[in-house]
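Worksheet: the structure to be examined is printed underneath.
The values are calculated or read from the model by the stated rules, or taken from the named source; none is laboratory data. Predicted model only: the values in this text are computed from it and were never measured. Note: ideal-geometry Cβ built from the backbone for every residue, glycine included; neighbour counts use all protein chains shown.
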Amino acid sequence: MGEEDAPTPAFAEGQVAGSEINAGNGRRYTFEGHYLGDGTITYRASVEDVDGEFRGAVSGTFARLPGDPPPAGQVELMVRAAIRGAVGFRP
């Protein structure tokens, strides 16, 4: 009996990365993370300030329906919104 890979057509996996600048103090916060899943996408991203100091992590899940845009864009929007809404980010 041999092994066989079964296709998973709805499975998504990838990386997200970017940065947000706090207009109040001019500091840049970078994020880098990973997402994966099928109908439900799970993501996690770490956040650092401009000096490379770890500032925390953002994670979550959301449902992705067939025909939705690629999950990378959705994950990035959620991570950016979470960073902008964080207590340490607000001026």
Checked the range 43-55 for anything exposed (fewer than 14 other Cβ atoms within 10 Å of the Cβ) and touching a residue at least 12 places away in the same chain (Cβ under 8 Å); matches are V50
Across the range 15-42, the tally of residues that are exposed (fewer than 14 other Cβ atoms within 10 Å of the Cβ), small (G, A, S) and over 14 Å from R84 (Cα atoms) stands at 2
Of the residues in the range 67-81 that are free of Cβ contacts under 8 Å to residues at least 40 places away in the same chain and within 10 Å of the chain's Cα centre (by Cα), the one that is surrounded by the most Cβ atoms within 10 Å (Cβ to Cβ) is M78
How many residues of the range 35-50 are part of a strand (DSSP E or B) and under 14 Å from S19 (Cα atoms)? The answer is 5
R64 meets each of (1) more than 15 Å from F11 (Cβ to Cβ); (2) in contact (Cβ under 8 Å) with a residue 40 or more places away in the chain with one exception, condition (1)
Going through the range 20-34 in order, the residues found to be in contact (Cβ under 8 Å) with a residue 40 or more places away in the chain and assigned to a strand (DSSP E or B) are E20, Y29, F31, G33
Filter the range 1-17 for residues that are in contact with an Asp or Glu (Cβ under 9 Å, 6 or more places away or on another chain) and either at pLDDT 90 or above or among the hydrophobic types (A, V, I, L, M, F, W, C) (or both); the one that is nearest to L65 (Cα to Cα) is A10
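Let's see how each residue does on (1) assigned to a helix (DSSP H, G or I); (2) of a type outside the set (S, T, Y); (3) modelled with pLDDT of 90 or more:
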site: G52; (1), (2), (3): no, yes, no
site: G60; (1), (2), (3): no, yes, yes
site: G67; (1), (2), (3): no, yes, no
site: V75; (1), (2), (3): yes, yes, yes
site: A82; (1), (2), (3): yes, yes, no
